[in-house]
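The values are calculated or read from the model by the stated rules, or taken from the named source; none is laboratory data. Here the structure is a predicted model, which is why all the values come from computation and not from measurement. Note that each Cβ is placed from the backbone with ideal geometry, even for glycine, and that neighbours are counted across all protein chains shown.
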Amino acid sequence: MRRRENRFLKGCVVLCAVLILAVATGIVGMLKDTGFVSKEKLTFFTEQAAPVVKTQEVPAGEVEEKFYYQTLNEEEKRVYETILQGIRENQKGIDVPMTEAKRVNQIFQFVLNDFPDIFWCSGAAETTAYQIPEGGYAQICPEYTYEGETKEQMQRKINAETKAFLEQVQEIQSASEYDRIKYVYEYVIRTVDYVADASDSQNLFSALVGKESVCAGYARETQYLLEKLGVFCTYVTGTTRGQPHAWNLVRCEGNYYYVDTTWGDPVFLQSDPSEISEAQQIQYDYLCCNEEELFRTHELDGEVPMPSCTSLQDNYYVREGCYYQRFDKERMRKQLNTEISAGKEVSVFKFSGKAAYEESREILLNNLIREGASNLAAWYQLSSARYSYQDDEVLYKITVYWQYE
């Protein structure tokens, strides 16, 4: 994300007669920052009556596949469900049976991570926890950006976009999980523009309806649409290039993979979108990649352990037959000739690691690609063959763009 809004979470603990401790946790675009600011205020009360705290239950079907919910113990799940119901009703203050303000704040964020359709809550909240003789409780006061008729109007627009999407993907709904993930990956990248100062950039509305967002919007729309298609997907936070970032974790045919539609959109990395050709519109390095691939450029925030992502079975490049775990000259030659004869505009060679990449690079650039260009000119009766290539030393990938005219 190139521009982020600062948000604050405040946790307060009232101890007997009564010490209020406010813990402000810096939030950048609803992503966890690394710094904590603590402020203490001592206030005295003669009495403190404990209210009756009623927990809310959510139907099991709504939460059983939610990743962050499943990381909680039974007490925390009741807090989670109460916060979820309170947010849905735009409650100003939500009382929960827990006295750890910091943990209440974390559970609040887990709710937002699990439910991408909550667009009317900014992600900021003020939590006060009370510890008194009769027992303890906490009250969390979320910040709502939309309420009433405005919220309802925005929800109707989301419903209309969702209906239109589902109508156009009726055939894909019965396809394999991989095909559904790939479809959403391409759909989000093609329909959303990366705009640093987009309105509502931290929520679903910005991407799904506004078609302009930053990483949070990309990730929330990806999660929202995949859940609509029956694919497990959750929201993941961490850093890239030292800056807060959001992406997704998916489950495909029983294995976990990472997906990042923001980094799949070359507009995110390009200063001038007009320079991007049609053939370059989508980058597939972050479609079902494993942790070894992802962690070359991304780092998890570590707040919640993620499932192991080690499989390559449904990695895009593996499925496309252009993933190389070792140097293989004849296979690369065959790939080039097959793709040129088929008139493909792009040839991609993705390598599993540095050794395979470095061993293959010189042969590709100085021999095989030139040989392929000669074949292109001969097969298509061109006076000369033109091509360009990208050499990515971080992702161990070489991409060739062919011109047939």
Item to check | Members of region 172-197 that are over 17 Å from the mean Cα position of the chain (by Cα) and hydrophobic (A, V, I, L, M, F, W, C) | outcome: ILE172, ALA175
Checklist entry - Which one of these is aliphatic (A, V, I, L, M) and closer than 21 Å to ASP265 by Cβ: LEU287, LEU382, LEU365? => result LEU287
Checklist entry - Taking region 133-179 as the search range and keeping residues that are in a helix (DSSP H, G or I) and touching a residue at least 60 places away in the same chain (Cβ under 8 Å), which one is nearest to SER122 (Cα to Cα)? => result LYS151
Next on the checklist: Whether any residue in region 189-205 is under 26 Å from ARG319 (Cβ atoms) and either among the charged types (D, E, K, R) or surrounded by fewer than 20 Cβ atoms within 10 Å (Cβ to Cβ) (or both) is what I want to check.
Outcome noted: yes
Checklist outcome for this item: Among the residues of region 365-402, the number that are more than 34 Å from the chain's Cα centre (by Cα), among the hydrophobic types (A, V, I, L, M, F, W, C) and surrounded by 19 or more Cβ atoms within 10 Å (Cβ to Cβ) is 5
Next on the checklist: Suppose we filter GLU221, GLU227 for residues that are closer than 22 Å to TYR69 by Cβ, among the acidic types (Asp, Glu), modelled with pLDDT of 95 or more and under 10 Å from the mean Cα position of the chain (by Cα); which single one remains?
Outcome noted: GLU221
Next on the checklist: It is to be established whether one or more residues within region 46-65 are in a loop (DSSP other than H, G, I, E, B), at pLDDT 95 or above and not assigned by TED's automatic domain parsing to the domain that holds GLY242.
Outcome noted: no
Checklist entry - From the list GLU359, GLU405, GLU330, which one is surrounded by 14 or more Cβ atoms within 10 Å (Cβ to Cβ), charged (D, E, K, R) and out of contact with any helix residue (DSSP H, G or I) (no Cβ under 8 Å at 6 or more places or on another chain)? => result GLU359
